[in-house]
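Peer 1: Take a look at the following structure, please.
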Amino acid sequence: MTFRVELYVYDLSMGLAAMLSQQFTGKHFPGIWHTGIVIYNTEYFFGGGIQKLPKGQTPYGTPVRMIHLGDTEIDQSLFEEFVNQLSNERFRFDQYHLFDNNCNHFTNECSLFLLGKSIPNDILDLPLEFFNTPMGQMIRPMVDRMMGGARNPNVNVPTSVSTTSNNSSVNNSGGVSGSNVSPFGSGGGGGFGGGFGGNNNMNDLMGGMNPNDLMGLMNNPMVSNLMNNPNMMNQVMNMMNNNPNLLNNFMGNSNFNTNNLGSMNTMNTTNNTTKIEKIFEDPQEVYHFNKANITQIINKLKTTTSEEIIKNNSENLIKLERYLNNQINKLDNEILEMIELILRNSKENESFPILDIIRLIAINTEYSNFILNKILPIIEEKFILNTTTTNHANQLMILRLFCNLFDKYFSNQLIPSNTIKYLIKNKLTIIVDFISNTINSELEGIRLVSSSLAANLSLFLKIKNKLNNNNTNLTDEEIQLFSSMLEFIKLEKSKDNLQRMLFTIFRLIKNVENFKEEKNTLKEIAMTLIEVNELKEVIGKAYVNSGNEEKQLVEKTFLSLLF
């Protein structure tokens, strides 16, 4: 028997990082991540000690992401024996540390034990990256308080750490104990309590902060700059006004409503009884391509670039290679100008190395403006407008570049970056045309990246209506993307490609499910392009390694959506 292992991801900043990070740090941070490992319908997490609750019922709110890490044969008793050992050693209440030993380190240990692999590096690395910025320093005292960190001298460490009056807990004495314990979050600040370390929202948190911490927060140069900068305050207020749900949740409106596409279960409560109805799970994963052989790429670049450019930029090439190998953390303007020059002067059959380098640089949002304003116009002119004659290597790199321009994470609660807004508002036609021209490529690798880009785009198309003054009409691009997926999904054989194409179809029709005319338009297209038996066959190939129950759930979902 196998057990599904998931990673539930929560944003500790409650949207604050997504709203302000670009302005304050020059980089877009979608959130500050807390994670819990979910298995056996139970969520295990570290915050005020190791704790567990029924999945989806922790005080952290609604996960912004639900990542399927894999499946394991390890049963609950063996796993909890492992967890109990951790609770007595590395992950005691007094061992919590924001950088070195946090909730994400705990879930990573669990994933390694259950599956033999780590959780995504982006989640593990982001806290250190974020809290080293001025903005991170500003809100670090609040997060320390929220998580009940033992390095906070104001926290009194209890002799045992409880989780909930609901079910059970893991305590410092070892073993999983029952419900006769103190409420979650008690004992000197352990855990979240109501979501903010015993506080229900930002108002409660600010009121309950240590006066020294609060004074330090208000005297922080960044806060002072924000409060005394009318233009910046106006930007913040505009973002808040445009996101009332985020504002209500952040400031403590208990009626905050979320509609999380990634939720696996719908909870219907009547007369104090809970009925759980399984629904199709959209992983909401954003696909990026960040692996590369840097030495090989640089050597290839040197052999395909004119000797004059190489001679004039020898030092810049060394710096570029060091940056790509994470030996330096910034590219100066001279290096960026060199990259633009090489791309502009490269021949079509020699562009692969520089495009490969550009797609790696795109992962860092600090260079988004450079890529959007300087690089994309060259790529459009040289390659995208002539997709049918562009060689396979360049097609692959351009598709990867577009994938890497998308935000690292998505949820209905997060505010997309300015890059996403720009792409959807100004480059939607170009991106969809490029997908349509590559999704039926003879090379499976190109089809994989093309379907990945389609999946990324369909996630973020939810914001299209806001960018178009709440115009809910289907665009030609949405119809084209939807039709391309249905037309070529019948010919696809790769399981991964099929799943990403199915996700794209699912998202496009879910985006308009509340608009009858638009939904009917897509259903008519679907019934024209694919038959019921063909759809069932596609789902069977896409979920060939899944159990019958999951296949039937997917079939039921897509048949109800499309027919």
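Peer 1: What's the total number of residues in region 18-54 that are of a type in the set (Phe, Trp, Tyr), on the phi < 0 side of the Ramachandran plot and open to solvent by 10 Å² or more (accessible area, probe 1.4 Å)?
Peer 2: Of all residues in region 18-54, those of a type in the set (Phe, Trp, Tyr) come to 24, 29, 33, 40, 44-46.
Subset that is on the phi < 0 side of the Ramachandran plot: 24, 29, 33, 44-46.
From what is left, the residues that are open to solvent by 10 Å² or more (accessible area, probe 1.4 Å) are 24.
Qualifying residue count for the region: 1.
Peer 1: So, in region 451-496, how many residues would count as being over 18 Å from Ile431 (Cβ atoms), in contact with a Leu (Cβ under 8 Å, 6 or more places away or on another chain) and of a type in the set (Ser, Thr, Tyr)?
Peer 2: The total comes to 1.
Peer 1: Let me ask something else about it. Sort through Lys408, Lys425, Lys374 and tell me the only one that's closer than 30 Å to Ala17 by Cβ and within 19 Å of the chain's Cα centre (by Cα). Steps first, answer last, please.
Peer 2: Working: Lys425 fails: within 19 Å of the chain's Cα centre (by Cα); Lys374 fails: within 19 Å of the chain's Cα centre (by Cα).
Exactly one residue qualifies, and that residue is Lys408.
Peer 1: So, in region 494-526, of the ones that are part of a helix (DSSP H, G or I) and among the β-branched types (Val, Ile, Thr), which residue ends up farthest from Lys551 (Cα to Cα)?
Peer 2: If we filter region 494-526 for residues that are part of a helix (DSSP H, G or I), which is where we start, we get 495-510, 516-526.
Narrowing further to those that are among the β-branched types (Val, Ile, Thr): 504-505, 509, 521, 525.
Working: Thr504: 18, Ile505: 17, Ile509: 20, Thr521: 26, Ile525: 24 Å.
Going through the qualifying residues, I end up with Thr521.
Peer 1: Tell me which of these Gln57 doesn't satisfy, since it passes every other one: (1) under 28 Å from Asp94 (Cβ atoms); (2) surrounded by 21 or more Cβ atoms within 10 Å (Cβ to Cβ).
Peer 2: The failed condition is (2).
Peer 1: A further question on this structure: If I filter region 473-489 for residues that are farther than 25 Å from Leu559 by Cβ and polar (S, T, N, Q), do I get at least one hit? Break it down into steps so the answer makes sense when it comes.
Peer 2: Of region 473-489, the ones farther than 25 Å from Leu559 by Cβ are 473, 475-477.
Next, from what is left, pick out any that are polar (S, T, N, Q): 473, 475.
Yes - at least one qualifying residue is present in region 473-489.
Peer 1: For region 380-411, enumerate the residues that are open to solvent by 60 Å² or more (accessible area, probe 1.4 Å) and closer than 24 Å to Tyr8 by Cβ.
Peer 2: Selection gives Lys408 alone.
Peer 1: Among the candidates Ser458, Ser560, which residue alone is more than 22 Å from Asp407 (Cα to Cα) and polar (S, T, N, Q)? Working first, answer last.
Peer 2: Details: Ser458 fails: more than 22 Å from Asp407 (Cα to Cα).
Result of the check over Ser458, Ser560: Ser560.
Peer 1: So, one more: For region 458-488, which positions are of a type in the set (A, V, I, L, M, F, W, C) and either closer than 22 Å to Glu444 by Cβ or touching a strand residue (DSSP E or B) at 6+ places or on another chain (Cβ under 9 Å) (or both)?
Peer 2: Correct list: Leu481, Met485, Leu486, Phe488.
Peer 1: Please specify each residue of region 378-405 satisfying the condition of being among the charged types (D, E, K, R) and under 22 Å from the mean Cα position of the chain (by Cα). Break it down into steps so the answer makes sense when it comes.
Peer 2: Within region 378-405, the subset among the charged types (D, E, K, R) is 380-382, 400.
If the condition is that a residue be among the charged types (D, E, K, R) and under 22 Å from the mean Cα position of the chain (by Cα), then Arg400 is the only one that fits.
Peer 1: How many residues are open to solvent by less than 10 Å² (accessible area, probe 1.4 Å) and either modelled with pLDDT of 95 or more or not β-branched (Val, Ile, Thr) (or both) when one looks only at region 507-529?
Peer 2: Summing the residues that are open to solvent by less than 10 Å² (accessible area, probe 1.4 Å) and either modelled with pLDDT of 95 or more or not β-branched (Val, Ile, Thr) (or both) in region 507-529 gives 4.
Peer 1: Restricting attention to region 63-102, which residues are part of a strand (DSSP E or B), in contact (Cβ under 8 Å) with a residue 12 or more places away in the chain and open to solvent by less than 30 Å² (accessible area, probe 1.4 Å)? Walk me through how you get there before you give the answer.
Peer 2: Taking region 63-102 first, the residues part of a strand (DSSP E or B) are 65-72, 97, 101.
With in contact (Cβ under 8 Å) with a residue 12 or more places away in the chain added as a condition, the list becomes 65-72, 97.
Result: Arg65, Met66, Ile67, Leu69, Gly70, Thr72.
Peer 1: Check Lys374 against each of (1) assigned to a helix (DSSP H, G or I); (2) in contact with an Asp or Glu (Cβ under 8 Å, 6 or more places away or on another chain); (3) at pLDDT below 95 and name the one condition it does not meet.
Peer 2: Result: Lys374 fails condition (3) only.
Peer 1: Still on this structure, I have one more. Among the numbered criteria (1) closer than 20 Å to Met19 by Cβ; (2) not in a helix (DSSP H, G or I), which one does Ile363 miss?
Peer 2: Looking at each condition in turn, Ile363 falls short on (1).
Peer 1: Here's a follow-up. Here are Val544, Val532: which of them is open to solvent by 30 Å² or more (accessible area, probe 1.4 Å) and without any contact (Cβ under 8 Å) to a residue 40 or more places away in the chain? Give the derivation first.
Peer 2: Details: Val544 fails: without any contact (Cβ under 8 Å) to a residue 40 or more places away in the chain.
It is Val532.
Peer 1: Then there is this: Report yes if Leu491 is over 26 Å from Ser417 (Cα atoms) and either in contact with a strand residue (DSSP E or B) (Cβ under 7 Å, 6 or more places away or on another chain) or assigned to a loop (DSSP other than H, G, I, E, B) (or both), otherwise no.
Peer 2: Details: over 26 Å from Ser417 (Cα atoms): yes; either in contact with a strand residue (DSSP E or B) (Cβ under 7 Å, 6 or more places away or on another chain) or assigned to a loop (DSSP other than H, G, I, E, B) (or both): yes.
So Leu491 passes the test.
The values are calculated or read from the model by the stated rules, or taken from the named source; none is laboratory data. Every value quoted in this text rests on a predicted model; they were computed, and no experiment measured them. For neighbour counting, all protein chains shown are included, and Cβ atoms are generated from backbone atoms with ideal geometry for every residue, glycine included. All accessible areas refer to the heavy atoms of the entire protein, side chains included, with ligands and DNA or RNA removed. Shrake-Rupley method; radii C 1.70, N 1.55, O 1.52, S 1.80 Å.
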